[in-house]
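Read the structure below first, then the notes.
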Amino acid sequence: MANLNRNFGVLVICQVITLFGSSILRFALSLYILDLTGSAKIFGLILAISTIPTIFLAPIGGAIADRTNRRNLLVILDVISSFIVGGLAIFLFTSESSIIVMIGIVMTLLMIVSAFYQPTVQASIPVLVKQDKLLEANGIVSGVSSITNFAGPVLGGLLYSIAGIEMIVIITCISFFLSAVIELFIKIPFEKREQPYGAVKTTLLDIKDGVSYIVKENPFISKVILIAASLNLFITPLFLVGIPYIIKITLGMSDSLFGLTQGGISLSMIFAAVAIGFISKKLKVNNLYLWFVASGILFIPMAITVYPEFVNSSGEITLQFLVFSFSSMLIMFAITIINIFIITLLQQQTPNLLLGKVMAILTAVSTCSVPVGQVLFGTLIDKFEDNVYTLVFAVAVITVLLALVTKKLFSTVEQVDINQKVSVSE
């Protein structure tokens, strides 16, 4: 952090506060709904519905981020989040009816704010740090996100058991407001642009410009977004749907061991975010496919460990569990490196005036891919529940194919390294 700058440091502090507050609140609300209804399915449904705005509103949020003072926009969005959560706190203290509906509304509103917030943060990073520090900066931001995803549920569960949902909602409300206050001290370069049309028409034209830039003017970016979408469509669902099913059902392991695996996967993401600053000199566009190859190979021992003859043998399956868990950690380490690398490429290749839109389009496409992949993988698990190893092996094959596609897509790139501008031969 010392090698970057003060403004980026303040932005990271605000990310820590905001993301921790969101993670704690989200987990505590899941526990609260489970206590009220006895059904995790209801919370899953609310969560799924609340993510829909991200798909449609992220490009709008990106367009606004490119037209607006990004510092002021971050402040306004955190203040809005504070008021939304504050409204939930008032409702919890004054009403006992329709609480599930209210929680659904609040989560949806917070996702709407997030659709504007995250593209603004991602678009701000390249103008706050020097290009040779961009990969390291993205690693720090990714690390913060991973840490909050890892520690947020732990703190959320602890606070929920000690203080209850009302206190957590109040703490989250304060955390958003505190983040807004701290953001006032960030200086993000901003150049006001002319707005010849009304707000709606200007926003739509800006989105059109962003799509046109990706598709026509800089097809390299469309290749990068395609790879990111493929990750979320074919690989991410195995971690979100497949691993919980395999560990708890196929391997028959306890909740505590499942939690250990999940914690290990989260820690591997944190290690990747830290490590990327040290390996940045070795990361190049034309060797990115090797990280996919390594991931594909690591899926093979995972498939072997859940082969029916091994699982149904009378012997101890601790070794299978350890191999499965350790392989998944190594794969997530590689995938995290790829994700940070991809975000950095997009930021490097996109003009500042289009950064918000391009990052928002990446967010929208990625968000679309995840639920599609989850539904697909969940359906396939039901069909292959006795031979789930075939699905893991299929993911291994798909990952290697993605490596070949990545190598082919980037074959026209005259690559130096990630700390320099990438040039493309047409």
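The values are calculated or read from the model by the stated rules, or taken from the named source; none is laboratory data. Just so you know, these numbers come straight off a predicted model, no measurement behind them. As a convention, Cβ positions derive from the backbone with ideal geometry for all residues, glycine included, and neighbour counts pool all protein chains shown.
Assorted remarks:
- Test: residue 207 is under 30 Å from residue 28 (Cα atoms), aliphatic (A, V, I, L, M) and either assigned to a helix (DSSP H, G or I) or modelled with pLDDT of 90 or more (or both): no
- Test: residue in the stretch 101-108 that is free of Cβ contacts under 8 Å to residues at least 12 places away in the same chain, surrounded by fewer than 21 Cβ atoms within 10 Å (Cβ to Cβ) and assigned to a helix (DSSP H, G or I): yes
- Residue within the stretch 321-344 that is in contact (Cβ under 8 Å) with a residue 60 or more places away in the chain, more than 26 Å from the chain's Cα centre (by Cα) and over 21 Å from residue 270 (Cα atoms) present: yes
- Of all residues in the stretch 164-174, those satisfying the criterion of being closer than 16 Å to residue 27 by Cα and touching a residue at least 60 places away in the same chain (Cβ under 8 Å) are 165, 166, 168, 169, 170, 171, 172, 173.
- Filter pass, residue 268 being over 17 Å from residue 392 (Cβ atoms), surrounded by 18 or more Cβ atoms within 10 Å (Cβ to Cβ) and not hydrophobic (A, V, I, L, M, F, W, C): yes
- Failed item in (1) within 15 Å of residue 20 (Cβ to Cβ); (2) in contact (Cβ under 8 Å) with a residue 24 or more places away in the chain; (3) exposed (fewer than 15 other Cβ atoms within 10 Å of the Cβ), with residue 189 passing the rest: (1)
- Among the residues of the stretch 312-321, not a single one is within 23 Å of residue 406 (Cα to Cα), modelled with pLDDT under 90 and out of contact with any Pro (no Cβ under 9 Å at 6 or more places or on another chain).
- Selection from the stretch 109-137 of residues that are polar (S, T, N, Q) and without any contact (Cβ under 8 Å) to a residue 40 or more places away in the chain: none
- Flag if residue 88 is in the same structural domain as residue 180 (by TED's automatic domain parsing), part of a helix (DSSP H, G or I), at pLDDT below 85 and of a type in the set (A, V, I, L, M): no
- All conditions but one from (1) closer than 20 Å to residue 338 by Cα; (2) not in a helix (DSSP H, G or I) apply to residue 399; the one that does not is (2).
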